[in-house]
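Just below is one structure, and these are the notes that go with it.
The values are calculated or read from the model by the stated rules, or taken from the named source; none is laboratory data. Since we're looking at a predicted model, the values are computed, not measured. Every residue, glycine among them, receives a Cβ derived from its backbone with ideal geometry; neighbour counts consider all protein chains shown.
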Amino acid sequence: MNRSVPLLFVLLWSTGFIGAKFGLPHAEPLSFLLIRYLLVLALMTLIALAMRAPWPRDARQWFHIGVAGLLVHGVYLGGVFMSISKGLPAGVASLVVGIQPLLTAVGAGWLLNEAVLARQWFGLVLGFVGVAIVVSGKLGSGFGLDALWPALAALAGITAGTLYQKRFCPSFDWRTGAIAQFLPTAIATAIVVQLSEDFRVEWAPDFIFALAWLVLVLSLGAVSLLNMLIRRGSAVNLASLFYLVPPCTALIAWLLFDERLAGMALVGMALAVWGVYLARK
């Protein structure tokens, strides 16, 4: 695999929090995501039909791909967007989801029979410490449990979804596979929106920009890279990349919103990068 692919994935995935920052003031979180899912389904269906992409072979494969998509997209994205909309700082949300590589390492040994070396464990712990240092300066604002529990659900979703996909459906066509993943995600999200939201959307320029970015760059670009990484690498190696997301997000926020980076944040970034290097070596 080209070594630039994991770095490109981290860069694209990190912009998800930026898209949420732009778009969430103008729409309810799950309504925002439902529009995103429907646009992705429309685009990927056109692409799959135009390119005559192969479809999943049978109902069993449709089911496994759909479950993985529901966990990785529905539960993870829904949890992150809901927590931020309820007032959880993006840095805290990053830290909560940042526990994922450690949980994935436990699950990889238990479910996938992947051997996790002592060096990798050290790298995972070191990466978590680095992430904690990066976001520690953003923990000042108060928040309640109603803002925290969706982030915990997001953590469970991305961890379980990565392990499930690696175990049951590691390989599928990225075009038709996206349809199989986002279709049940859209249906489940629509049901929750019907029960809990008013589908409030303000079509402001910031919202349109955020929606276009999340559909084209995140859902088509980053998710395709994620599926490639799940197919070609170990679960622990992939999960360790998520340690680089909060530092990368902090850098992007500094460039776009002039959010200052303290000296300790730079130290934390260095530790996170070193931890990922040890875990993936």
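At-a-glance table
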read-out	value
Matching residues, region 1-28, being surrounded by fewer than 18 Cβ atoms within 10 Å (Cβ to Cβ) and among the hydroxyl-bearing types (Ser, Thr, Tyr)	4
Residue match in region 225-234 (condition: farther than 27 Å from residue 128 by Cβ, of a type outside the set (Asp, Glu) and over 13 Å from the mean Cα position of the chain (by Cα))	no
Inter-residue pairs, beta-carbon under 7 Å, first in contact (Cβ under 8 Å) with a residue 12 or more places away in the chain and in region 98-109, second assigned to a loop (DSSP other than H, G, I, E, B) and of a type outside the set (Gly, Ala, Ser), 6+ apart	105/116; 108/114; 108/116
Selection within region 107-130 - at pLDDT below 70 and either assigned to a helix (DSSP H, G or I) or more than 23 Å from residue 165 (Cβ to Cβ) (or both)	109, 110, 111
Residues that are more than 18 Å from the chain's Cα centre (by Cα) and buried (at least 22 other Cβ atoms within 10 Å of the Cβ), drawn from region 141-174	169, 172
Selected residue (criterion: surrounded by the fewest Cβ atoms within 10 Å (Cβ to Cβ)) from residues of region 42-62 that are touching a residue at least 24 places away in the same chain (Cβ under 8 Å) and in a helix (DSSP H, G or I)	51
Whichever residue in region 1-36 is in a helix (DSSP H, G or I) and of a type in the set (Lys, Arg) and, among such residues, is nearest to residue 225 (Cα to Cα)	36
Boolean, residue 75 is in contact with a Phe, Trp or Tyr (Cβ under 9 Å, 6 or more places away or on another chain) and either assigned to a loop (DSSP other than H, G, I, E, B) or not basic (Lys, Arg) (or both)	no
Some residue of region 63-71 being free of Cβ contacts under 8 Å to residues at least 60 places away in the same chain and farther than 17 Å from residue 14 by Cβ	yes
Among the residues listed as 88, 41, 103, 71, the single one being closer than 19 Å to residue 152 by Cα and either in contact with a Cys (Cβ under 9 Å, 6 or more places away or on another chain) or at pLDDT 95 or above (or both)	71
Residue match in region 259-270 (condition: surrounded by fewer than 16 Cβ atoms within 10 Å (Cβ to Cβ) and modelled with pLDDT of 85 or more)	no
Some residue of region 198-208 being within 30 Å of residue 256 (Cβ to Cβ) and within 18 Å of the chain's Cα centre (by Cα)	no
Number of the exception - residue 88 against (1) farther than 26 Å from residue 126 by Cα; (2) not in a helix (DSSP H, G or I)	(1)
In region 155-199, the residues that are touching a Ser or Thr at 6+ places or on another chain (Cβ under 7 Å) and aliphatic (A, V, I, L, M)	163, 179, 193
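For (1) among the acidic types (Asp, Glu); (2) in contact with an Asp or Glu (Cβ under 9 Å, 6 or more places away or on another chain); (3) closer than 26 Å to residue 171 by Cβ, each residue gets a yes or a no:
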{"site": "20", "(1), (2), (3)": "no, no, no"}
{"site": "30", "(1), (2), (3)": "no, yes, no"}
{"site": "33", "(1), (2), (3)": "no, no, no"}
{"site": "40", "(1), (2), (3)": "no, no, yes"}
{"site": "56", "(1), (2), (3)": "no, yes, yes"}
{"site": "64", "(1), (2), (3)": "no, no, yes"}
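Per-residue answers, yes or no, for (1) modelled with pLDDT of 85 or more; (2) over 30 Å from residue 49 (Cα atoms):
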{"residue": "139", "(1), (2)": "no, yes"}
{"residue": "142", "(1), (2)": "no, yes"}
{"residue": "147", "(1), (2)": "no, yes"}
{"residue": "154", "(1), (2)": "yes, yes"}
{"residue": "161", "(1), (2)": "yes, no"}
{"residue": "165", "(1), (2)": "yes, no"}
{"residue": "169", "(1), (2)": "yes, no"}
